[in-house]
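All of the numbers you see were taken from the coordinates with simple rules; none came from a lab. Predicted, not measured: the structure shown is a model, and the values here were computed from it. Neighbour counts run over all protein chains shown; Cβ positions are idealised from the backbone, glycine included.
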Amino acid sequence: MAIDSKTVVIRPVGDDERAAWEPLWDGYLTFYKTALAQDVSDGTWQRFHDTAEPLFILGAYADGKLSGFAHYLFHRSTWAPSSYCYLEDLFVAEGARGFGIGRALIEAVYEKARAANSSRVYWLTNETNAQARALYDKIADNLGFIQYRKVL
Ligand SMILES: CC(C)(COP(=O)(O)OP(=O)(O)OC[C@H]1O[C@@H](n2cnc3c(N)ncnc32)[C@H](O)[C@@H]1OP(=O)(O)O)[C@@H](O)C(=O)NCCC(=O)NCCS
C-alpha cells in the first residue's frame, strides 16, 4: 500500500519499543549479510537511551508502525570546533521503500545535527548500493573519499 510521506512521523524511538525496532535491526544486519552477538545489540539498544551516550535513534512511523530508523552519533573533530554527526545506520522496511521515508529520516538527522551545533553530517555506503546512492546523490555530496579498514 502506498505511504504518504507527509503523514510519516519521525521521532526518537522510546526504550519501550525494542520489540518494534528488533525486526528492522535484524533486517538491516541481514541486508549486510552479517549477524551480531546478542550482547552487542543489547548494548547498542541500551546506549540509545542512556543520556550520557552520544548515540541516538530516530524512527519513522507510517500509520503508527515503526517502518525505518536512523542511528547517528556525534564526535569531536580536529577540523572544526563543533562536533561532526556520523549517520551510522539507515534502514527502511522493504514494503515501505520508495515513499520518501529514507529521505525524511536523513533530513531529520540534519535537523538534529543543526540543533546540536554540529557542522557536518556524513555517512558511508557501498559503491554498489545503487538504491541508497539514488537517494544520497539528491541530498548530499559525494566527495570521492574511499574507506580503508583494518579489523582488529
Ligand atoms: C536506502 C534506503 C534507506 C532508502 O529508503 P527509501 O525510503 O526507499 O528512500 P526514499 O523513498 O526516501 O528515496 C528518496 C529518493 O531516492 C530515489 N530512490 C530511492 N530508491 C530508488 C530506486 N530503487 N531507484 C531509483 N531511485 C530511488 C527516489 O527517487 C527518491 O527520490 P525523490 O524523493 O526525489 O522521489 C532503503 O532502500 C533501504 O533501507 N535499503 C536497504 C538498507 C540500506 O541500503 N541502507 C543504507 C545503507 S548505507
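A compact table of results
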{"item": "Per-region count, the stretch 75-109, residues over 19 Å from F31 (Cβ atoms), near the ligand (Cβ under 8 Å from one of its atoms) and aliphatic (A, V, I, L, M)", "result": "1"}
{"item": "In the stretch 111-135, residue farthest from the chain's Cα centre (by Cα) [restricted to those that are crowded, with 16+ Cβ neighbours inside 10 Å and more than 8 Å from the ligand (Cβ to nearest atom)]", "result": "S118"}
{"item": "Sole residue being assigned to a strand (DSSP E or B) and touching a residue at least 12 places away in the same chain (Cβ under 8 Å), chosen from F99, F74", "result": "F74"}
{"item": "Exclusive hit being surrounded by 11 or more Cβ atoms within 10 Å (Cβ to Cβ) and in contact with a Ser or Thr (Cβ under 8 Å, 6 or more places away or on another chain), set I10, I3", "result": "I3"}
